[in-house]
Structures are given as structure tokens and as C-alpha cells.
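Report on the structure given below.
The values are calculated or read from the model by the stated rules, or taken from the named source; none is laboratory data. From a predicted model like this one, the values you see are computed outputs, not experimental measurements. As a convention, Cβ positions derive from the backbone with ideal geometry for all residues, glycine included, and neighbour counts pool all protein chains shown.
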Amino acid sequence: MELYTAWKAMIAAGDPVTAWQRFYVLFYQAFIEKDRWQQYLNGVGTTLYVTAMALLIGVFLGIIVAVVRTAHDQQRPGRRNIVLGFFNAVFRIYVTVIRGTPMMVQMLIMGFVIFSSSKDFALVGALTLGINSGAYTSEIIRGGLMAVDQGQMEAGRSLGLKYADTMFFIIVPQAIKAILPSLGNEFIVLLKDTSMISVIGGKELVYAARAIISRTYEAMFPFFGTAVIYLILVMIFTWLLGIFERRLRASDRR
């Protein structure tokens with residue numbers, strides 16, 4: 001603390017200092033002074049909370065949209081279901097609109113228009129990210145479902161299973177194994193996209209860094225520190241996905 005105070009005074013006075021002294025002062029005021037590391041820690045907590053909520057929403061929406069659209073595309077000629085056609089049209093519009101508009105614009109609309117009276121910015125951000133991720137996840141899952149041999153569906157139906165049971169207990173598990181790498185990439189993008197909730201007031205990592213910059217007037221260490229934290233989180237997420245993939249491959253060999 002004494003070194004920090006003395007070296008900071010030297011920098012403020014314009015006295016010559018070494019590169020190490022300048023590094024120490026900037027690092028200390030960005031992470032140590034006034035326990036600012038706790039702001040980053042709180043930001044990580046919000047980031048993980050938003051990621052988990054958005055992940056659940058995105059996977060749920062993705063599976064529903066993918067199953068409905070796949071069921072519609074696999075209908076036999078002359079046996080079209082009107083209800084299924086209606087929902088297929090709605091989901092196609094949903095996917096087109098979400099994939100055709102920027103994530104930032106969607107966040108601003110949700111935060112300042114649709115949920116302008118809400119003060120739970122983290123939940124609004126999670127909902128927005130989940131809806132956005134659902135559109136991309138649905139296309140990934142739909143591609144996996146369409147890639148499963150049609151004979152699997154026919155085998156399930158021949159055993160007396162309903163279409164929904166066959167889809168969720170036979171087709172979906174096989175598709176998940178094939179599309180897991182693509183889903184993993186989407187989840188990693190989702191984790192990084194949580195940084196966007198700061199534009200509506202969500203107190204995640206970027207919000208914490210900007211709050212510290214407004215007090216220290218120095219941007220390098222807060223932003224570089226935030227980047228390193230995101231990198232660590234992505235590496236952990238990638239490691240966990242790798243473990244999951246290896247277990248799935250091991251189960252296939254049994």
C-alpha cells in the first residue's frame with residue numbers, strides 16, 4: 001500500500017518512474033484498491049447466471065422449434081397437418097427475424113421498449129439472449145434431426161411408439177451426439193454475448209470494468225482483465241464440453 005501511494009504520487013507529479021512502477025500502480029488501482037476485485041467477481045457471477053438462464057431458454061426453444069419444423073418437413077405427401085403447418089410458419093418467421101437482426105438491436109428493444117419498466121436487467125438480458133440463441137440452436141438441432149436415418153423413425157413407430165416418443169427417445173439422442181460440437185460453439189458464443197447486457201444496465205463483467213474506468217480514468221487493465229476472465233471462462237466451458245463428448249463416445253463403444 002505504501003509503495004502504491006508513493007509511486008502513484010510520483011506518476012501524478014510527472015516524476016520519472018520505471019515500467020514496473022507504472023505497471024504496479026495501474027494494476028493495483030484496477031484490481032486491488034478499494035477491493036475492486038470484488039466488482040469483477042460480482043460481474044462473473046452475473047455473467048454465469050445470465051449464461052445459464054439463456055442456455056436453458058435457448059435449448060428449450062431450439063428443441064421445440066426444431067422438432068416442429070422437422071415434423072412438418074417429414075409429413076407424407078397428401079397428409080398435411082394444418083396445426084403443424086401454422087406453427088411451422090410461426091417458427092420460420094421467428095428464426096428469420098432473430099437471425100436477420102443484430103443482437104445489439106434486439107437487446108435494446110427488449111431492455112428499453114418491451115421491458116422498459118423492469119429493473120431486473122440480468123433477467124431481461126438472459127431472456128433476450130435465450131430467444132436469440134434459440135433461433136440458432138433450432139437450426140443446428142434441425143440439421144441433426146434431418147441427418148438421422150429415416151428408418152429410425154419407422155422402426156420406432158413400428159414398435160408402437162407415438163411420433164413424439166420416437167422423436168424424443170430415439171431420434172433426438174442420436175442427433176445430439178452428432179451436433180454437440182456445433183452446440184458447444186453456440187454456447188461459447190452465448191457466454192461471450194452476455195457482455196451485451198451492459199448496454200441495458202446489466203451488471204456483468206463489462207459493466208464492472210466500465211464502472212472502475214470511470215473512477216480510475218485508465219482503461220487498459222480493466223478491459224484486459226475482463227478479456228482474460230472471459231478467456232478463462234471459455235476455456236473451462238470448452239474443457240467441460242470435451243469431457244462430455246468423450247463420455248458420449250465411450251458410451252457408444254460399449
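Data overview
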{"item": "Condition check for residue 217: exposed (fewer than 14 other Cβ atoms within 10 Å of the Cβ) and not charged (D, E, K, R)", "result": "yes"}
{"item": "Residue count, segment 61-101 (criterion: closer than 19 Å to residue 140 by Cα and out of contact with any Lys or Arg (no Cβ under 9 Å at 6 or more places or on another chain))", "result": "16"}
{"item": "Among the residues listed as 209, 164, the single one being of a type outside the set (Asp, Glu), surrounded by 15 or more Cβ atoms within 10 Å (Cβ to Cβ), more than 19 Å from the chain's Cα centre (by Cα) and at negative phi", "result": "209"}
{"item": "Single match in 202, 144 (criterion: within 30 Å of residue 41 (Cβ to Cβ), buried (at least 19 other Cβ atoms within 10 Å of the Cβ) and not hydrophobic (A, V, I, L, M, F, W, C))", "result": "202"}
{"item": "Segment 10-28 - residue that is assigned to a helix (DSSP H, G or I) and either farther than 19 Å from residue 219 by Cα or modelled with pLDDT under 70 (or both) and, of those, nearest to the chain's Cα centre (by Cα)", "result": "11"}
{"item": "Candidates 105, 95, filtered to the one that is part of a helix (DSSP H, G or I) and either buried (at least 20 other Cβ atoms within 10 Å of the Cβ) or in contact (Cβ under 8 Å) with a residue 24 or more places away in the chain (or both)", "result": "95"}
{"item": "Single match in 153, 220, 167 (criterion: of a type in the set (A, V, I, L, M) and closer than 25 Å to residue 57 by Cα)", "result": "167"}
